Amino acid sequence: MNRLEYLTSLRRILEDGGLPREEINDAVRFYEEIFLDAGAEKEEETSENLGSPEELARKILMDSGIHVEGDAVFQMEAAKTHEEQEQEQEYAKKSAQQDRNNMLVKLIIALVTSPLWIGALCAVGGVAIGLLATAAAILFAFFAVGFTMTVGGIVTLFTVYPAGIVLIGTGLIFLGLGGLIVVPAVKGIWKAMVSIFNGAVSCLRNYESDGNGKSWRKIFGGRTV
Amino acid sequence: MGFPISAGLLDSMVLSVVDKEDTYGYEITQYIRRAVDISESTLYPVLRRLQKSELLETYDKEYMGRNRRYYHVTSKGEEALADYRRQWCIHKRMVDSILMNEGGENI
């Protein structure tokens, strides 16, 4: 880029950036003199040394306290030296690598220990389901016994009627008790099943969203591979 | 290059260059480049800052059919330069006492 192209471009960008006219003239004059004093035969070289007009304008605007593109983060970026940026990139690369390693370690550990945790999970699940089934069975038993006794009592009524009355009475007691507990019991069983299901789902979700492998680091004392 | 140049150091170096003889932007850069790798885009804000704080003033002088802007150190600038030099001597001694193991017994 020659002197004229460079300075025209610089002026236009500074105008777009909203720099006061006086400051624009000052800056353009300064860089024009740099071009002229460096010599007409060195114009390309000078413009290369200065960096692109966009970069230079950005510097000038920032020195005047004008936010470029209204982005606060950008200013922080620009204030960093080249070396710092390199270090950051290096660091970002390393931590990305570490994350991948952590994911791999997680996976391997999960696979290796699968006999343990699958067993434990099944045991816990089994016990929970067993308890629920027991509750349901007891409820069912109340109705079954109540119904059987009542029906049996009605049949016995025609042969040994006092025994029939006792049987019908006892059967009705069981049916009554069953009727009393059926609504709260069914509700309770339903709630228990829902919370077991939710617990399992959120447990899985936590492990997935834990991208930094914190939980594993906690378990293994922060060692990384 | 290992040691970054601070703004204060750059200010004082520019003052010192201009103090020797009134001079212009391009020459100041060339001069300072003997010691530090800087570009004109680094120098421009330094010159503006020094003008704003009235340590430098400018005047135009004709050169080959155009006006060249010359910089001149004001009396306030002279004082600032003397102060910068004193501070630099102290700073240099302190750094040398550690980095070059010089005069460590004085601290």
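The values are calculated or read from the model by the stated rules, or taken from the named source; none is laboratory data. In this text the structure is predicted, and so the values were computed from the model without any measurement. Positions of Cβ are backbone-derived with ideal geometry, glycine not excepted, and every protein chain shown enters the neighbour counts.
Got a number for residues in the stretch A:1-51 being surrounded by 18 or more Cβ atoms within 10 Å (Cβ to Cβ), more than 10 Å from chain B (Cβ to nearest Cβ), more than 19 Å from A:G65 (Cα to Cα) and not hydroxyl-bearing (S, T, Y)?
3
Among the residues of the stretch B:62-86, write down those that are more than 10 Å from chain A (Cβ to nearest Cβ), under 20 Å from A:N25 (Cα atoms) and loosely packed, with under 12 Cβ neighbours inside 10 Å.
B:E62, B:G65, listed by residue number.
Does A:V151 meet the test of being in a helix (DSSP H, G or I) and touching a Gly at 6+ places or on another chain (Cβ under 9 Å)?
Taking the combined requirement at face value, the residue satisfies it.
Consider B:S75 carefully, then state whether it is free of Cβ contacts under 8 Å to residues at least 60 places away in the same chain, of a type in the set (G, A, S) and in contact with a Lys or Arg (Cβ under 8 Å, 6 or more places away or on another chain).
When the stated conditions are applied, B:S75 does not pass them.
Testing B:R85 on (1) under 29 Å from A:M62 (Cα atoms); (2) of a type outside the set (F, W, Y); (3) under 14 Å from the mean Cα position of the chain (by Cα), one condition comes back false. Which one is that?
In the conditions (1) under 29 Å from A:M62 (Cα atoms); (2) of a type outside the set (F, W, Y); (3) under 14 Å from the mean Cα position of the chain (by Cα), B:R85 misses (1) alone.
If you go through the stretch B:31-57, how many residues are within 11 Å of chain A (Cβ to nearest Cβ) and either touching an Asp or Glu at 6+ places or on another chain (Cβ under 9 Å) or surrounded by 14 or more Cβ atoms within 10 Å (Cβ to Cβ) (or both)?
13
Give the stretch B:1-41 a look and list any residue that's farther than 11 Å from B:Y71 by Cβ, within 12 Å of the chain's Cα centre (by Cα) and assigned to a helix (DSSP H, G or I), or say none.
B:A7, B:G8, B:L9, B:L10, B:D11, B:S12, B:M13, B:S16, B:K20, B:T29, B:Y31, B:I32 - these are the residues of the stretch B:1-41 that are farther than 11 Å from B:Y71 by Cβ, within 12 Å of the chain's Cα centre (by Cα) and assigned to a helix (DSSP H, G or I).
For B:Y84, which of the numbered conditions (1) touching a residue at least 40 places away in the same chain (Cβ under 8 Å); (2) in a helix (DSSP H, G or I); (3) under 18 Å from B:D22 (Cα atoms) fails to hold?
Checking B:Y84 against (1) touching a residue at least 40 places away in the same chain (Cβ under 8 Å); (2) in a helix (DSSP H, G or I); (3) under 18 Å from B:D22 (Cα atoms), the one that fails is (3).
So if I check each of B:D37, B:D96, B:D83, which one is charged (D, E, K, R), out of contact with any Pro (no Cβ under 7 Å at 6 or more places or on another chain) and under 19 Å from A:A38 (Cβ atoms)?
B:D37
Which members of the stretch A:71-125 meet the condition of being polar (S, T, N, Q), in contact with a helix residue (DSSP H, G or I) (Cβ under 9 Å, 6 or more places away or on another chain) and modelled with pLDDT of 80 or more?
Within the stretch A:71-125, A:N102 is the sole residue that qualifies.
Restricting attention to the stretch B:1-26, and to residues there that are modelled with pLDDT of 90 or more and within 11 Å of chain A (Cβ to nearest Cβ), which single residue is surrounded by the fewest Cβ atoms within 10 Å (Cβ to Cβ)?
Ranking the qualifying residues of the stretch B:1-26, first place goes to B:T23.
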